[in-house]
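*Asks:* This is the structure, below, for whatever I ask next.
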Amino acid sequence: MSLPPSLTLRGVQIYQQALDRAAQEALLEDLRAVQRAAPLFSPETRFGRKMSVQMTSAGKYGWYSDRRGYRYERRHPSGVDWPPIPQAVLELWHRITGLDRTPDCCLVNFYREGARMGLHQDRDEADFSWPVLSISLGDDGLFRIGNLERGGPTESIWLQSGDVAVLGGEARLLHHGVDKIRAGSSTLLAQGGRINLTCRVVD
DNA sequence: GAGTGCCA
DNA sequence: AAGG
């Protein structure tokens, strides 16, 4: 029993303003604790190029990339365990997806002005029948949704602070990415930028 | 602005 | 190629 989305784009379910301002601020406070335990870093692609997005994770696994490729790791690159996923994130996951299963990973992506993420698929998980849930905080981000195969036409939507998107079912393996951050569009983060949380069942 | 190709 |  999951909630109905306010909007669907290519099967991606979008719940606009699923979090009010107070909930966003509370989440931000939780994220400060996550970042203290597991500081942000910019991973390298397998060709040694640093990604413009900074990231960290919470949960049993964190997403990681270096010259050896993409994967989930049980520890932050510093060697410490990833901190626990904030309770408010877990509650939102269960409220929106209606699932009993708890996510193994909450990836925290931080986009400063000019940071982008190219079109890609989330396919480092063992079972694609579990959805991926995404929470937007801070400045607006231009989210682009493509196809199951590389190439072809795409559609874009501006995601705002408090919006939640779910890639599940037929949309689970769609290519997607972030083309642009609209600096100064939100007052949530004093220093500006966009935070995106993505929750996943890994194994 | 969007889509395609291509790089190593 | 989760980049340019």
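The values are calculated or read from the model by the stated rules, or taken from the named source; none is laboratory data. This is a predicted model, so every value here is computed, not measured. Every residue, glycine as well, gets a Cβ built from its backbone with ideal geometry; the counts of neighbours run over all protein chains shown. The area values use the complete protein model at the heavy-atom level, side chains included, leaving out ligands, DNA and RNA. Shrake-Rupley method; radii C 1.70, N 1.55, O 1.52, S 1.80 Å.
*Asks:* How many residues are open to solvent by 10 Å² or more (accessible area, probe 1.4 Å), on the phi < 0 side of the Ramachandran plot and out of contact with any Ser or Thr (no Cβ under 8 Å at 6 or more places or on another chain) if we restrict to region A:140-157?
*Replies:* 8
*Asks:* In this structure, does A:Ala171 turn out to be buried (at least 17 other Cβ atoms within 10 Å of the Cβ) and touching a residue at least 60 places away in the same chain (Cβ under 8 Å)?
*Replies:* Here the answer is yes, as A:Ala171 does meet what is asked.
*Asks:* Take the residues in region A:158-168 that are surrounded by 18 or more Cβ atoms within 10 Å (Cβ to Cβ) and not small (Gly, Ala, Ser); name whichever of them is farthest from DNA strand C (Cβ to nearest atom).
*Replies:* Ranking the candidates gives A:Gln160 first.
*Asks:* In region A:56-89, which residues are crowded, with 17+ Cβ neighbours inside 10 Å, aromatic (Phe, Trp, Tyr) and farther than 24 Å from A:Ala23 by Cα?
*Replies:* The answer is A:Tyr61, A:Trp63, A:Tyr64, A:Tyr72.
*Asks:* For region A:22-34, state whether one or more residues are in a loop (DSSP other than H, G, I, E, B), within 18 Å of A:Gln160 (Cα to Cα) and either at pLDDT 95 or above or open to solvent by less than 50 Å² (accessible area, probe 1.4 Å) (or both).
*Replies:* Scanning region A:22-34 turns up no residue that is in a loop (DSSP other than H, G, I, E, B), within 18 Å of A:Gln160 (Cα to Cα) and either at pLDDT 95 or above or open to solvent by less than 50 Å² (accessible area, probe 1.4 Å) (or both).
*Asks:* Sort out which residues of region A:62-95 are in a loop (DSSP other than H, G, I, E, B), of a type in the set (Phe, Trp, Tyr) and either touching a Leu at 6+ places or on another chain (Cβ under 8 Å) or within 19 Å of A:Arg123 (Cβ to Cβ) (or both), and write them in order of number.
*Replies:* None - no residue of region A:62-95 is in a loop (DSSP other than H, G, I, E, B), of a type in the set (Phe, Trp, Tyr) and either touching a Leu at 6+ places or on another chain (Cβ under 8 Å) or within 19 Å of A:Arg123 (Cβ to Cβ) (or both), so the list stays empty.
*Asks:* Looking only at region A:1-14, count every residue that is open to solvent by less than 50 Å² (accessible area, probe 1.4 Å) and touching a Gly at 6+ places or on another chain (Cβ under 9 Å) and tell me the total.
*Replies:* Selection size over region A:1-14: 2.
*Asks:* Mind checking whether some residue in region A:107-122 is more than 16 Å from the chain's Cα centre (by Cα), part of a loop (DSSP other than H, G, I, E, B), touching a residue at least 40 places away in the same chain (Cβ under 8 Å) and within 16 Å of DNA strand C (Cβ to nearest atom)?
*Replies:* So far as region A:107-122 goes, yes, one or more of its residues are more than 16 Å from the chain's Cα centre (by Cα), part of a loop (DSSP other than H, G, I, E, B), touching a residue at least 40 places away in the same chain (Cβ under 8 Å) and within 16 Å of DNA strand C (Cβ to nearest atom).
*Asks:* Being of a type in the set (A, V, I, L, M, F, W, C) and modelled with pLDDT under 95 narrows it down to one residue among A:Met51, A:Met55; which is it?
*Replies:* None of the others qualify; the one that does is A:Met51.
*Asks:* Please work out if A:Leu31 is over 24 Å from A:Ala126 (Cα atoms), within 16 Å of DNA strand B (Cβ to nearest atom) and touching a residue at least 24 places away in the same chain (Cβ under 8 Å).
*Replies:* So A:Leu31 fails the test.
*Asks:* What is the residue count in region A:114-139 for residues that are within 24 Å of A:Glu29 (Cα to Cα) and either crowded, with 20+ Cβ neighbours inside 10 Å or out of contact with any strand residue (DSSP E or B) (no Cβ under 7 Å at 6 or more places or on another chain) (or both)?
*Replies:* Selection size over region A:114-139: 8.
*Asks:* Counting just the residues of region A:47-61 that are closer than 22 Å to A:Asp203 by Cβ and in a loop (DSSP other than H, G, I, E, B), which one comes out nearest to DNA strand B (Cβ to nearest atom)?
*Replies:* Of everything passing the filter in region A:47-61, A:Tyr61 is nearest to DNA strand B (Cβ to nearest atom).
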